[in-house]
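Since every read-out is calculated from the coordinates, none of them should be taken as a lab result. Here the structure is a predicted model, which is why all the values come from computation and not from measurement. Methodologically, a virtual Cβ is constructed for each residue, glycine included, from the backbone with ideal geometry; neighbour enumeration extends over all protein chains shown.
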Amino acid sequence: MSPDSARAIDGEVDVNGRRYRLPRQPTVVICIDGSEPGYIERAIEMGRAPWFGKVLETGTSLIADCVVPSFTNPNNLSIVTGQPPAVHGICGNYFLDPETGREVMMNDPKFLRVETLFPAFQRAGCRIAVITAKDKLRGLLGKGLALGPGKACSFSSEKADQATLGENGIADVPELVGLPVPDVYSAALSAFVFAAGVRLMERDRPEIMYLSTTDYIQHKHAPGSAAANDFYAMMDGYLARLDALGCTIVLTADHGMNDKHDAAGRPDVLYLQDLFDDWLGAAKARVILPITDPYVVHHGALGSFAVVYLPESASAEEMAKKLRDLPGIEAALTRQEAAARFELPADRLGDLVVIATRQKVLGTSASRHDLSGLTEPLRSHGGVSEQKVPLICNRTLAPGIPSRRWRNFDAFDLGLNLVT
Ligand SMILES: [Zn+2]
């Protein structure tokens, strides 16, 4: 869709086929990475999250479906475009580029096929702030924004000290926030996102703000655990401050999170490349794990979603059937079946899409996964078992809004159009 498709009419903005009212007060959409339903509720029960407690009672609290694959980048891009990956094109962190035949990261903004809501709101006169934990998302989320003081900023906690007016529309971020740049593997990386969001809201009052955290805590700690409760207590404090500043706040998640280990605490892995090497001969098929990214320490590149490229001689239907007979396989679909069922871009999938059951993850070859960084029993995501996520707003649903299958990418619709 060309940028011209977005236009402001009577205080509304049309973008990617959806219409949004311009914000009447600053509207903050927050993607809590890996926030499986239960984290917030357990923290409330333990008395650690009074703001969440109040909002769940008096605001809007829905359960929504995220996009499958239930991974970070596809879902963040769905939230900020209002559309599934079939429209925006980002269906993993990592894929086989059909144009080059090479396996590459999908975080280059050139892979994004439509614009996000942010440039459209910017053209309508809104000031925009986008803050992410990891830098890998910043390029995609900030695409098309005119960055600069009084206009828009887009930066990450991870590289907060490297932010410049030219690249990020803001400089001296650690000084502004009053915190040092956190370690990339830490809860502090997400805390910095919130601290920066609150400071920017106090100082600049942007009309549209998007905050996106990292799932470092959720990969290691289940709902109700001490570390998880500490994390949600941290968030609760910052959210109360944004609320006090008059913001409409919408919270959702990119995906849920489940235990993926056996009774002994070992990752429960089906190594697909080894399996296909057995079935078709060594290296005839090529298994790609779209969870792969440069930050694999806390999940060892093990998730519940994989794609497989088959040799000409193999039939996708037959291989899918063979896979479905195995324990631990939730779905094995041909490219077209997967594209239709999960609203994915068919040209960026393999011949097969494989999804594991709730407790299981998919690997390539046992020899290619370094699991030495897994200091806790594996928790991960990627499948349909991690599709349920919270969709919460600190305002009440407007009267007469019919119930529907809520998606996490309804977050801006909810905050701008559907609440009082
Ligand atoms: Zn995530």
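Expressed to the nearest 5 percent, the antiparallel share of DSSP beta bridges inside the chain is 60 percent. Of all lysines in the structure, those lying under 16 Å Cα to Cα from LYS110, and not within fewer than 8 positions of it along the same chain, are LYS136, LYS143. Calculate the tail of P(r) for region 181-223: the fraction of all Cα-Cα distances greater than 15 Å, expressed in %. Tail fraction, whole percent: 49.
With the simple model of a label 7 Å out from the Cα in the direction of the Cβ, GLN336 to ASP14 spans 3.3 nm. Amide H to amide H distances under 5 Å link ARG407 with ASP65, where only residues 5 or more positions off or on other chains count and H is placed in the peptide plane.
Couplings for region 364-381, taken from phi via the Karplus curve 6.51 cos²θ - 1.76 cosθ + 1.60 with θ = phi - 60°, read 8, 10, 3, 6, 9, 9, 8, 9, 5, x, 7, 8, 10, x, 4, 10, 7, 7 Hz in order; Gly and Pro are left as x. Convex hull volume per residue, computed on the Cα atoms of region 194-294, equals 154 Å³. A full extension of the chain between LEU245 and ALA346 corresponds to an added length of 32.0 nm, given 0.36 nm per residue minus the alpha carbon distance. Restricting attention to region 20-118, which GluC sites (Glu not before Pro) occupy a DSSP loop and are surrounded by at most 15 other Cβ atoms within 10 Å? Loop-located and lightly packed - GLU99.
Dipole of the chain computed with +1 at Lys/Arg Cβ and -1 at Asp/Glu Cβ about the Cα centre; of LEU374, THR396, ALA152, farthest Cα towards the positive end is THR396. Taking region 141-168 and a reference point 7 angstrom along Cα→Cβ of ARG203, the backbone N atoms nearer than 18 Å belong to 147-168.
Solvent-free Debye calculation, one equal scatterer per alpha-carbon of region 204-258: log10 I(q)/I(0) at 0.16, 0.22, 0.23, 0.27 Å⁻¹ equals -0.59, -0.97, -1.02, -1.21.
Which distance in Å, rounded to a whole number, links the C-alpha centroids of region 378-420 and region 219-277? That distance is 17 Å.
Beta-bridge orientation, region 269-379: approximately 80 percent antiparallel, per DSSP, counting only bridges with both partners inside.
With +1 on each Lys and Arg Cβ and -1 on each Asp and Glu Cβ, and nothing else charged, work out how big the dipole of region 269-379 is about its Cα centre, in Debye to the nearest 20.
180 debye
Could you state the number of Å between the C-alpha centres of region 310-333 and region 121-146? Centre-to-centre (Cα) distance: 40 Å. Annotation: extensible slack from SER372 through ARG324 equals 14.2 nm (criterion: 0.36 nm per residue apart, minus Cα-Cα distance). By other beta-carbon atoms within 10 Å, ranking MET257, MET235, MET46, MET201 with the fewest at the front produces MET46, MET201, MET235, MET257. Based on the alpha-carbon gyration tensor of region 10-159 and its eigenvalue square roots a ≥ b ≥ c, which shape applies: rounded if a/c is under 1.5, prolate if not and a/b is larger than b/c, or oblate? It comes out oblate by the Cα gyration axes.
Can you give the log10 of the normalised intensity I(q)/I(0) at q = 0.13 Å⁻¹, computed with Debye over equal Cα scatterers of region 269-379? Log-scaled intensity ratios, in q order: -0.46. Just so you know, the Cα atoms of the chain work out to an Rg and Dmax of 20.9, 63 Å.
Protection proxy ranking, highest mean first, for peptides 116-124, 330-338: 116-124, 330-338, where packing is the per-residue count of other beta-carbon atoms within 10 Å, averaged. Among LEU275, LEU302, LEU251, which one moves the most in a GNM of the chain with springs linking Cα atoms closer than 10 Å? For the chain, modelled as a Gaussian network with Cα springs under 10 Å, the answer is LEU275.
Can you name the helices of the chain, as whole DSSP H runs, whose Cα span along the helix axis is 20 Å or more and whose Kyte-Doolittle mean is not below 0.0? TM-like helix candidates: 188-203, 226-244. Taking the Cα centre of the chain as reference, the dipole from Cβ charges on Lys and Arg (+1) and Asp and Glu (-1) amounts to some 820 debye.
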